[in-house]
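Here is the structure we will look at.
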Ligand code: NAD
């Protein structure tokens, strides 16, 4: 019998890619979301449009049509966006994402789901200064996330782990770094920095100017979607408890990210710094827990942008028509 996997948030960026990966790995997959994937048809065997803030919907989705609990649940549904959205929609994030996580764990664990992966975030960590030594996963405590999105993630991590302990459900906590790739949100206010710069550069003629929020010095690392998926799958099937960072350790400034996009596009672009929500000054994380599973990031920032920029440029061109 095929293994069964439930992907919550399967209409979103990472969820829709994860469904494809699980199908390739031979699973029977159910996707759930408020919406279908925006850019290509879902690869799921079954796709339910449901609001996971509602407990009865969560209870419904964690069992197959035959009434068996799913072997694996990947909980990626969240009210989610880049830094602009995270700062503007803090009440929505605190309410909507918490409700999803409270009801999903409270449905999955008692139903007998065997393995449950929660998509947490690097936003659970405190602000850092550039060149500070790497933080380990345990150093998320004492907790001081920079934004409410991070606080919600920490609470949801703990909620999942508590239910795992009570009901004997294996819980895996993946703390994703900023992830990007084709078929991610690229406009509308929820897009993250790599997609936003790809869009701005695609819209700007050679020799033109784009805007970047802040002074351009904030340091980040960006993980290409395929690398992240590989980490998710390894972590789900591992025996690693508690939070596990998944992210490429190639740290660049915001300006360097913008310059990488311009270079890939083959354009000379000037960067104009304007005030806007930036988030933390820097990030720098240890990766030895995920590396202990044989994971390593294979796709450099330049390579990942080379795969992402043409897709976003095509979206920009299509919108003009
Ligand atoms: P996304 O916004 O593309 O996907 C989230 C999906 O959840 C969306 O399709 C949305 O419709 C769905 N959703 C929201 N509310 C729902 C509800 N009430 N019921 C059902 N579905 C609902 O975001 P993503 O980038 O794919 O992120 C997936 C997960 O990974 C999220 O939990 C996010 O917080 C986490 N994460 C992402 C990144 C990143 O860089 N993309 C970084 C850290 C953590």
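Quick note: the coordinates plus some simple rules give every number you see, no bench work behind them. Computed from a prediction, not measured in an experiment: that's the story for all the values here. Positions of Cβ are backbone-derived with ideal geometry, glycine not excepted, and every protein chain shown enters the neighbour counts.
Report, in whole Å, the centroid distance computed from the Cα atoms of region 220-239 and region 1-21. Cα centres, region 220-239 to region 1-21: 14 Å. Just the number, please: percent antiparallel of the DSSP beta bridges in the chain, rounded to the nearest 5. So the antiparallel bridges in the chain amount to around 10 percent. With contacts taken as Cα pairs under 8 Å at a separation of at least 6 residues, region 104-185 carries a relative contact order of 47 percent. For the chain, the longest principal axis of the Cα atoms and the long axis of helix 225-236 meet at an angle of about 30 degrees. On the basis of the beta-carbon distance and an R0 of 45 Å, residue 24 and residue 217 show a calculated FRET efficiency of 0.65. Helical content of the chain, expressed as a calculated mean residue ellipticity at 222 nm, amounts to -11500 deg cm²/dmol (DSSP H runs of 4 or more residues, -39,500 (n - 2.57) each, divided by residue number, nearest 500). With the biggest extent put first, the Cα atoms of region 161-246 measure 58, 25, 21 Å across the principal axes. When peptides 235-244, 213-222, 267-276, 304-313 are sorted by average Cβ neighbour count within 10 Å, with the highest value leading, the order is 304-313, 213-222, 235-244, 267-276. Treating r as the C-beta distance of residue 237 and residue 274 and R0 as 56 Å, the FRET efficiency rounds to 0.80. The angle between the Cα long axis of helix 193-203 and the main principal axis of the chain comes to about 50°, on a 0 to 90 degree scale.
Put simply, when 42-49, 288-295, 193-200, 108-115 are sorted by average Cβ atoms within 10 angstrom per residue, most first, you get 193-200, 108-115, 42-49, 288-295. So how tilted is helix 301-320 from the main axis of the chain? Cα-based, degrees 0 to 90, rounded to 10. Computed tilt is about 80 degrees.
Modelled spin labels at residue 318 and residue 138, positioned 7 Å past Cα toward Cβ, are 4.8 nm from each other. Taking 25 °C and 0.890 mPa s as conditions, region 1-101 diffuses translationally at an estimated 176 µm²/s according to Stokes-Einstein applied to its Kirkwood radius (Cα pairs).
What fraction of the Cα pairs in region 60-134, stated in percent, has a spacing above 15 angstrom? So the pairs more than 15 Å apart make up 65 percent of the total in region 60-134.
Under 18 Å from a label point 7 Å along Cα→Cβ of residue 94: give me every residue in region 51-88 with its amide N that close. Only 79-81, 84-88 fall inside the zone, counting backbone N under 18 Å. Using every pair of separate Cα atoms, the Kirkwood estimate puts the hydrodynamic radius of region 90-247 at 17.4 angstrom.
Our note on the geometry: Cα centres of region 191-219 and region 243-321, 11 Å apart. Over the chain, the ratio between the Cα radius of gyration and 2.2 N^0.38 Å evaluates to 0.97. Put a dot 7 Å past the Cα of residue 126, heading toward its Cβ, do the same for residue 59, and the two dots end up 4.2 nm apart.
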